[in-house]
1. From the residues in region 1-58 that are hydrophobic (A, V, I, L, M, F, W, C) and in a loop (DSSP other than H, G, I, E, B), which one is modelled with the highest pLDDT?
2. Checking the structure you have, find out if any residue of region 98-110 is modelled with pLDDT of 95 or more and under 17 Å from Tyr155 (Cβ atoms).
3. Restricting attention to region 128-184, report how many residues are surrounded by fewer than 22 Cβ atoms within 10 Å (Cβ to Cβ) and within 30 Å of Glu221 (Cα to Cα).
4. Output yes when any residue across region 88-111 is among the basic types (Lys, Arg) and either within 18 Å of Val170 (Cα to Cα) or touching a residue at least 12 places away in the same chain (Cβ under 8 Å) (or both), and no when none is.
5. Of the residues Ala205, Ala225, only one is small (Gly, Ala, Ser) and either more than 24 Å from Leu70 (Cβ to Cβ) or modelled with pLDDT of 85 or more (or both); which?
6. Report yes if some residue within region 69-83 is at pLDDT below 95 and more than 19 Å from Leu25 (Cβ to Cβ); otherwise report no.
Amino acid sequence: MDALRRVAVIAGYEWRRALAKKKILALIILAIAFQTLIMVVFSQLVVGVFFTIESMSFMWIFGVLEGQGLFVQLIAIIVAGGSMSEEYEHGTADILLSKPITRVEYMSGKFLGGLSLLAMVEALTTFVGVVLSLWFFGAQSGLQFAPLMFLAIVYSSLIFFCLSFMFSEVFRGTTLAILLAFAILIASSVISPILTFLYGISARAIPTWAATNFPSLVMSELITASSVLPAGDLGALAQASLIIAVYAIVFTLIAAYRLLKSDVTKKTA
């Protein structure tokens, strides 16, 4: 119980540390504003032109997925990218690790604190997506799957959260960790469609494929399972789930190894 309490204290501290950053709050506001703008544009320009009545009853799926785009990925990268490294840069890691707390508890609290904050943001954008779809497109079908969609979104965000968290501990520099994670996000987003177009390769091992497609694959399975539609691509869903798990575990283990094997807490160690 004492260990759990110490982890919870560090997690709460991580919330306060992250929310003190104005850029994170700004990104949350921008994510919701962009999500709202997209739904307004769709409701005004394409209703009755591109969408049937039946398809409009599932607009909540589009609204929820649209809210998990670039801004939420940036929030994940920024939250995790400064989680460990800022403690070294500000000299607070020495103070925190001198307390009666193990390094495993310290890292667990930092990791769970950042991930729970990210999940809160994703819960907010999921809620906003559902509300906007009800407001602009009327009654929606399949809303009972919204909680599962939220869990799928949280799971899919593990790749870039863990990647940025790893860079934060390994390099112990916030700017470098964020820039590297963001560069990989952009590079993989560009490379994947190019490989598909030029060589017909699905490039599923590239991080953005699983991170982007997992929630929609889950939703496809849920919708088809509750209707007479043909079954979705279970193979792709299983592959995406496995890819996310592998990346998240590997990145987290590397960060843990770096922390546990480091003799000093200075950034230059």
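The values are calculated or read from the model by the stated rules, or taken from the named source; none is laboratory data. This one's a predicted model, so the numbers in the text were calculated from it and none came from an experiment. Neighbour counts are summed over all protein chains in view; Cβ atoms, including those assigned to glycine, are modelled from backbone coordinates with ideal geometry.
1. Residues of region 1-58 that are hydrophobic (A, V, I, L, M, F, W, C), as a first pass: 1, 3-4, 7-11, 15, 18-20, 24-34, 37-42, 45-47, 49-51, 53, 56, 58.
Retained after the next criterion (residues that are in a loop (DSSP other than H, G, I, E, B)): 1, 20, 46, 49-50, 58.
Numbers: Met1: 67, Ala20: 86, Val46: 59, Val49: 55, Phe50: 57, Phe58: 83.
Checking each candidate, the answer is Ala20.
2. Checked region 98-110: no residue is modelled with pLDDT of 95 or more and under 17 Å from Tyr155 (Cβ atoms).
3. Number satisfying all stated conditions: 22.
4. The answer is yes, given that some residue of region 88-111 is among the basic types (Lys, Arg) and either within 18 Å of Val170 (Cα to Cα) or touching a residue at least 12 places away in the same chain (Cβ under 8 Å) (or both).
5. Numbers: Ala205 fails: either more than 24 Å from Leu70 (Cβ to Cβ) or modelled with pLDDT of 85 or more (or both).
Exactly one of Ala205, Ala225 is small (Gly, Ala, Ser) and either more than 24 Å from Leu70 (Cβ to Cβ) or modelled with pLDDT of 85 or more (or both), namely Ala225.
6. no
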